[in-house]
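Report on the structure given below.
The values are calculated or read from the model by the stated rules, or taken from the named source; none is laboratory data. The structure presented is a predicted model; accordingly, all values stated were derived computationally and were not measured. Counting neighbours? That spans all protein chains shown, and the Cβs are built from the backbone with ideal geometry, glycine included. Surface areas here come from the heavy atoms of the whole protein model, side chains and all, with no ligands, DNA or RNA. Shrake-Rupley method; radii C 1.70, N 1.55, O 1.52, S 1.80 Å.
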Protein chains: 2
Amino acid sequence: MRKNILILKGNIIYTKTPEEFTVCEHSYLVCRDGSVDGIYRTLPFRLGGNPIRDFGDCLIIPGLTDLHVHAPQYPLRGFGMDQELLDWLEANIFPEEARYEDMDYAGRAYGIFAENLKRSATTRACVFATVHRPATMKLMDLLEQTGLETFVGKVNMDRNCPGYICEETQESLDETEDWLRDVAGRNYQHTRPVLTPRFIPACSDALMEGLKKIQAESHLPVQSHLSENPQEAAWVAELCPDAEFYGDAYDRSGLFGGADCLTIMAHCVYSDDREIARMKEKGVFIAHCPESNMNLSSGIAPVRRYLDEGMRIGLGSDVAGGSTENLFRAMSFAVQASKMRWRLTDQTEAPLTAEEVFYMASKGGGAFFGKAGSFENGYDFDAVVLDDSRLKSPRPLDIRSRLERMIYLADEREIRAKFVKGQEISL
Amino acid sequence: MRKNILILKGNIIYTKTPEEFTVCEHSYLVCRDGSVDGIYRTLPFRLGGNPIRDFGDCLIIPGLTDLHVHAPQYPLRGFGMDQELLDWLEANIFPEEARYEDMDYAGRAYGIFAENLKRSATTRACVFATVHRPATMKLMDLLEQTGLETFVGKVNMDRNCPGYICEETQESLDETEDWLRDVAGRNYQHTRPVLTPRFIPACSDALMEGLKKIQAESHLPVQSHLSENPQEAAWVAELCPDAEFYGDAYDRSGLFGGADCLTIMAHCVYSDDREIARMKEKGVFIAHCPESNMNLSSGIAPVRRYLDEGMRIGLGSDVAGGSTENLFRAMSFAVQASKMRWRLTDQTEAPLTAEEVFYMASKGGGAFFGKAGSFENGYDFDAVVLDDSRLKSPRPLDIRSRLERMIYLADEREIRAKFVKGQEISL
């Protein structure tokens, strides 16, 4: 019994709601059988005798969830972003993704990605791979070894992309089924498959129908892109004249949320009222990727509205549209983008707060995995211990200010320890 | 003779103009008597025998100039930015600046600032202190010890600010003269004074006239703030009904550029045609501070226009409106802000390029100090050696891509060595 109990001590801070932080200074965070089992200022007598990991004046936060990241684009982080989405895909992204046919390259590149993700504050992630089945398995093997909880998708794309990376429709479906068989044979503990049609412009109706068949049998979740860029949205309107709006093109194939089809749509910068209503109705998760939306000149998503409407929303690094896997940066970019939207577009939409962006990065995105991203009782015990002493201060700061400072300035150097479902990750 | 020669070897990259990088792979950068004296792919015979510092595959860039940074606000970096300028000054900044009456606090806080500035890629900076003369001297002493080239200003402010930090007009002028005497007595090699009226709302006409008298006698440069925020600009219009525009209020006091009054104005987000024309005519330097302008919801400056008009412009971190002294971040924020301005405001203003933001951070801002921020012959030998091996790549990248990646991802960990006027800074 006792060996399943883990107790961390430090300054515990998390968000139950987007409105406020819950702060427990110098308190004990108890893990029982991988789940949160209470926070105490004074440790109850019945818990005495269990070993305590005392992290002194460190901050302890829930693990963060990256709802949208492209692992194969990691080598491109931080350069070549002076184009809009469609030109950038053609010039930079597709040529890079094509390299993953080479398993040596895939092993080297994915090894770097997995290592850096492990060292970050991220405990869970939804990851795009490429069309290549063997490389996708390599990525899953590497992520499994990190101990992080991830969904990984072999990408499907059968039209409107260069021949060197384009699949035949049937080939794409067959490879997906083979990939799912490969995955089933691996007995992963932490790594799960997610169906990953790239985006409507790259997926024929036949491909989407085939994927829906696989989804209906497997009940797998789905991830894709939605309403990221004006040119892209206009193209989808041309490609799918019968769709009422961009998201309806996914919904017509049955790959847009609903009870049996957990779905993440990345971006949602240009979603109109109908699309927003449908996402809400179907419980679609929005992956807000503010840095990517800046770097690719896409625009700024109406996140204030998404929060006000109580929609499911988390943050995505969207590497390599975003330059970093560091979700603290995604949080500060989300605040900054919302302030620019407020100033330049609509002064009825109040800027986002530190509480709101932290909520999105933790409990908001964590909800895709179930009960994750909070320290409420019964939640999976994902915890990150932050040592912020590198950022010297001439005077003591309160816990909330220290966390806000992390949102702007923390990187992997601040991660002193990290736990996923109660298991410590070796950093 | 020979002992005045220093030779660095590495991948040299810099900008002579905002349009393009000059790249010299695996080349020799020669310093003679503190100035750049040539770049060579093969070292000329006459230079043989001089010791060479071989930095292998590292990048060598010119030192960067931070044209606008508030040293006393450094303890506030990264939190408390959820207000606009005027409320933020009142709630956060003035109370923090008041602490610098306490020399113990000033020593601790400025010690942290000076140390971190030394470890950054910045070789030159224009720094605001507070109204306090002793603390300003402490800051100058500490900066002198770093070996960086800086201008530092004791702030003047005699109206519209809380009593605990507001000066009497004559007191402000007397303290300024005493401060300049103190500075003259110190024989600094690297640290110079700059007149620093905080901004028009906090400076009476009488104070500005008194400062002009000091400026006319001393020929000192001037730094202040201009057209940062709409509320602030409206307030200046009320306070100075005779001024044609915000900048004219400075110009009427003779503190707005011209042959004998080198001037930096930070922000210039809302400068109108007349203000822009006047800045151009008077050669006023613009300190573009993109992160601060996001964090305080100020807006996005029309930098494309400033560049097209050939105006003098550099980058400022504007800590603590900006969260970091890291000028690489200022560069990437400048690109990102310009993309949002393009998307949301004006699609005739093309986004900034990596070349342009690097130029602003190096030669653009460096021009305030004379010939600094470039590796053209005769420029002061300010050089920063970047070791980017922490950012692992599965394949070789070209020099330009490696530098662009630094703009998004570099921090002080990448700084392997740093030289100012040919003198190595101990990191």
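Take the accessible area of B alone and of A alone, subtract that of the pair with a 1.4 Å probe, and the total buried over both chains is about 4700 Å².
Using only the Cα atoms of the range B:61-214, build the gyration tensor, take square roots of its eigenvalues as a ≥ b ≥ c, and label the shape rounded, prolate or oblate: rounded if a/c is under 1.5, else prolate if a/b is larger than b/c, else oblate. Since a/c reaches 1.5 but b/c is at least a/b, the shape of the range B:61-214 is classed as oblate. In degrees between 0 and 90, to the nearest 10, how far off the longest principal axis of chain B does helix B:230-239 point, with axes built from Cα atoms? Approximately 50 degrees, to the nearest ten. Within chain A, DSSP assigns beta bridges of which about 45% are antiparallel (rounded to the nearest 5). Count Lys and Arg as plus one, Asp and Glu as minus one, and take only other residues whose Cβ is under 11 Å from that of B:Ser298; the net charge is then -3.
Sequence-ordered 3J(HN,Hα) estimates for the range A:303-316 from the Karplus curve with 6.51, -1.76 and 1.60 and θ = phi - 60° stand at 5, 3, 5, 4, 5, 4, 7, x, 6, 7, 8, x, 10, x Hz, glycine and proline given as x. Between this copy and the others, label points of A:Pro241 are 6.5 nm apart in ascending order, each placed 7 angstrom from Cα in the Cβ direction.
For the pair the range B:34-107 / the range A:313-379, the C-alpha centres are spaced 30 Å from each other.
Tally Lys and Arg at +1 and Asp and Glu at -1 over the other residues with C-beta under 12 Å from the C-beta of A:Arg413: what net charge comes out? It works out to a net charge of -2. Computed over chain B, the per-residue total of -39500 (n - 2.57) for DSSP H runs of n ≥ 4 gives a 222 nm mean residue ellipticity of -10000 deg cm²/dmol, rounded to 500. In chain A, the inverse of the mean reciprocal separation of distinct Cα atoms equals 21.8 Å; this is its Kirkwood hydrodynamic radius. In nanometers and ordered shortest first, the copy-to-copy spacing of the A:Gly163 label point, defined 7 Å from Cα toward Cβ, is 8.3.
Once amide H atoms are placed 1.01 Å from N in the peptide plane, what residues at a sequence separation of 5 or more from B:Ala266, or on another chain, have their amide H within under 5 Å of its amide H? Hits under the 5 Å cutoff: B:Ser224, B:His225, B:Leu226, B:Ala287. Can you tell me the orientation of helix B:169-186 relative to chain B, as the angle in degrees between its alpha-carbon axis and the longest Cα principal axis, to the nearest 10? Rounded to the nearest ten degrees, it is 30.
Averaged over the residues of peptide A:335-342, the number of Cβ atoms from other protein chains lying within 10 Å of each residue's Cβ is 6. Entry comment: accessible area of the range B:54-118 is 28 Å² per residue, from protein heavy atoms only and a probe of 1.4 Å.
Classify the range B:311-427 from the C-alpha gyration tensor, please: rounded if a/c falls under 1.5, else prolate or oblate depending on whether a/b exceeds b/c. The shape class here is oblate.
Ligands, DNA and RNA left out, the accessible area of chain A computed with a 1.4 Å probe is 46% carbon and sulfur.
Near A:Phe21, once Lys and Arg are set to +1 and Asp and Glu to -1 for all other residues with Cβ below 13 Å from its Cβ, the sum equals -3.
Rounded to the nearest 5, the antiparallel percentage of DSSP beta bridges internal to the range B:1-108 is 75%. Counting Cβ atoms of other protein chains within 10 Å of each Cβ in A:386-393 and taking the mean gives 3. Indicate, rounded to the nearest 5 percent, the antiparallel portion of the DSSP beta bridges found entirely in the protein assembly as shown. Percentage antiparallel, nearest 5: 45. Only protein heavy atoms count here; under a 1.4 Å probe, A:Lys9 has an accessible surface of about 50 Å². For the range A:199-213, backbone phi angles converted through the Karplus equation (6.51, -1.76, 1.60; θ = phi - 60°) give residue-by-residue couplings of 6, 3, x, 9, 10, 6, 4, 4, 5, 5, 4, x, 5, 4, 4 Hz, Gly and Pro being listed as x.
Let a ≥ b ≥ c be the square roots of the eigenvalues of the Cα gyration tensor of the range B:235-312; is it rounded (a/c under 1.5), or, if not, prolate (a/b larger than b/c) or oblate? It comes out oblate by the Cα gyration axes.
Among the GluC sites (Glu not before Pro) within the range B:355-427, those in coil by DSSP and having at most 16 neighbouring Cβ atoms inside 10 Å are B:Glu376. Normalised per residue, the accessible area of the range A:207-253 is 41 Å², obtained with a 1.4 Å probe and no contribution from ligands, DNA or RNA.
Report the Stokes-Einstein translational diffusion coefficient (µm² s⁻¹, integer) for the protein assembly as shown, Rh taken as the Kirkwood radius over Cα pairs, at 20 °C with viscosity 1.002 mPa s. Roughly 76 µm²/s, to the nearest whole number. Here's the picture: charge each Lys and Arg Cβ at +1 and each Asp and Glu Cβ at -1 in the range A:24-75, and of A:Gly48, A:Val30, A:Leu67 the one pushed furthest to the positive end of that dipole is A:Gly48. The C-alpha atoms of chain B define a longest principal axis, and helix B:133-146 lies at about 0 degrees to it. If only the Cβ of Lys and Arg carry +1 and only the Cβ of Asp and Glu carry -1, the dipole of chain B around its Cα centre is close to 2200 debye. Counting only heavy atoms of the protein chains and using a 1.4 Å probe, A:Glu309 has close to 60 Å² of accessible surface. What the range B:276-357 shows is 23 Å² of accessible area per residue, with the surface traced by a 1.4 Å probe over protein heavy atoms.
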